[in-house]
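Everything below concerns the one structure shown next.
Only the coordinates and a few stated rules stand behind these numbers; no lab work does. Note that the coordinates shown come from a computational prediction; the quantities given were computed from them, not determined experimentally. Positions of Cβ are backbone-derived with ideal geometry, glycine not excepted, and every protein chain shown enters the neighbour counts.
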Amino acid sequence: MSSARTYGRNYSSRGDMVVRRLQKLEETTGYPVVQYNAQRICGPPREWNQPAPTNGSEIFISKLPRWLIEDELFKIFSRVGIIYQIRLMMNFTDFNRGFCFITYKTPEQAKMAVEQLNNYPIRPNRHIRVSKSVDNRRLFIGNIMKEKTKEEIKEALECHVDELNDVIVYPPHWTNGQAQNRGYAFAEFATHRDAAIARKLLSSGVKLWIHSPSMVSVDWANPLPEVDPQFMATVKSLYIRNLPYEITKEQLQLCLVEYVHLSNIIKVQKINNYAFIHFQHRNTAEMALSMLNGLTLWGRQIEATWFRPRMCSKENWLNHEPDNFCKSVPRKMRHRLQMLRNGAPPTHLSTADTLSLSSL
């Protein structure tokens, strides 16, 4: 006998059954359940007094039975770790849309959930699909006036959106009068939901300044590929960006000597406005990272981060269909995915697609 029929016999309506089960879930776990537009949100728990989980703590679950609700999800996924929140996508008939998002306390617990619960048999002959969520919290903002500084852009954006954590601005390729940026910026938000709300608000037609010649253009930024934390803990190379184009490799090496002994550096690669610095030991690289990140050199504030392996590059990611692709990515990436699904090999790109990839 199907679950739908069983529910119909035990309760006067399926709606009553759902209400009672959700009330019981809330009473026994302390996770409040609220309906917000087209999603039902369970959690965080009332006694939660810690910061929200960091990026990478959310998983995406698909192929759910349409009549399944939160209490069953909670029972299954709480075995792996501490659940922060469940977001079940709903339709107008009060059935779920076949997918949901679950946020764990830590990224490590989310990783365990993917490893242990992917292809979990939630019903006879019915297996769910579990993958890491594309927790994109970054927006691309175009049509920015080039003479505006990072602080001015952030102040203008905060007049229209909330929960803005940071604004990333890149200096112009070449010194060009009063230009302070390249005509665009990246806005980073506290959560994916905050970024989605901001995207909707800014897409309605917003001028950041009264004298702006045009309204800003908004889209999802390219999400950063995730790298195994255990692998990143072994990296001994740094990626340095926002360097002047005219600075040579030799000039950069002379500058680095003031902060790191030259004998600790294996190799320096300077390319355009960024560089790679390879160290002999991890602890030396860690020390250099703390000193170089945010340092002002040649009149520019440079950014230093850990070097990511080539397999995590944007070009490589575009050539492989991920199992957790969603709409929270730029249109050109969705177009590239469609090409892959249609059977086009990575090397067979149209002129327009090649230009899109080269601009990343």
Handout entry: region 101-249 pair-distance distribution - Cα-Cα, 5 Å bins, rounded %
Key = 2, 8, 14, 15, 14, 13, 12, 9, 7, 4, 2, 1, 0, 0
Practice task
Name the long-range amide H neighbours of Val218: under 5 Å, sequence gap of 5 or more, or other chain; modelled H, no Pro or chain starts.
Solution key: Gly142
Fill in the blank from the handout: Listed with the fewest Cβ neighbours within 10 Å leading, Arg137, Arg79 appear as Arg79, Arg137
Problem - Inter-label distance for Gln35 and His127, nm, one decimal - labels placed 7 Å from Cα along Cα-to-Cβ - result: 3.5 nm
Problem - Gain in span if fully extended, Thr296 to Lys200, counting 0.36 nm per residue against the direct Cα distance - result: 31.0 nm
Exercise for the section: Take the alpha carbon atoms of region 252-284, find their center, do the same for region 32-57, and report the distance between the two centers in whole angstrom. Expected result: 43 Å
Exercise for the section: Among Ile247, Ile240, Ile266, Ile69, rank each residue by its count of other Cβ atoms within 10 Å, from fewest to most, as a rough exposure measure. Expected result: Ile266, Ile247, Ile69, Ile240
Fill in the blank from the handout: With Ile271 itself left out, Lys, Arg at +1 and Asp, Glu at -1 over residues whose Cβ is under 11 Å from its Cβ give +3
Fill in the blank from the handout: Per the rule of 0.36 nm per residue minus the C-alpha distance, extending Gln230 to Met112 adds in nm 41.1 nm
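By the scheme Lys and Arg +1, Asp and Glu -1, what is the net charge of all other residues having a beta-carbon under 12 Å from that of Leu73? Walk me through the numbers before you get to the answer.
Values: positive: Arg21, Arg40, Lys75, Arg79, Arg87; negative: Glu70, Asp71, Glu72.
Within the 12 Å Cβ shell, the charges total +2.
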Exercise for the section: Mind putting a number on the dipole of region 229-307 about its Cα centre? Charges go on the C-beta only, +1 for Lys and Arg and -1 for Asp and Glu, and I need it in Debye to the nearest 20. Expected result: 180 debye
Problem - Given charges at Cβ of Lys, Arg, Asp, Glu: region 52-136 dipole, positive-most of Asn125, Ile69, Ala110 - result: Asn125
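Just add up the charged neighbours of Arg126: K/R +1, D/E -1, any other residue whose Cβ is under 15 Å from the Cβ of Arg126.
+3
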Fill in the blank from the handout: So, with points 7 Å from each Cα along the Cβ direction, the Lys75-His160 label distance in nm works out to 4.7 nm
Practice task
Under 1.5 on a/c is rounded, so check that first for region 229-307, then, if it is not, pick prolate when a/b is larger than b/c and oblate when it is not; a ≥ b ≥ c are the square roots of the alpha carbon gyration tensor eigenvalues.
Solution key: prolate
Fill in the blank from the handout: In Å, the C-alpha Rg and Dmax of region 3-132 are 14.5, 44
Completion exercise
The exposure ranking of Phe77, Phe140, fewest beta-carbon neighbours within 10 Å first, is Phe140, Phe77
Fill in the blank from the handout: Along the dipole axis of region 229-307 (charges at Cβ: +1 for Lys and Arg, -1 for Asp and Glu; origin at the Cα centre), the most positive-end residue among Leu295, Thr234, Gln269 is Thr234
Handout entry: For peptides 150-156, 104-110, sequence by mean Cβ density within 10 Å, most packed first
Key = 104-110, 150-156
Practice task
Apply 1/(1 + (r/R0)^6) to the Cβ-Cβ distance of Gln280 and Glu151, taking R0 = 56 Å, and write down the FRET efficiency to the nearest 0.05.
Solution key: 0.90
Practice task
Calculate, in whole percent, how much of the Cα-Cα pair population of region 124-202 lies beyond 18 Å.
Solution key: 48 percent
Practice task
Give, in nm to one decimal, the length gained when the segment between Asn91 and Trp209 is fully stretched (0.36 nm per residue of separation minus the Cα-Cα distance).
Solution key: 38.6 nm
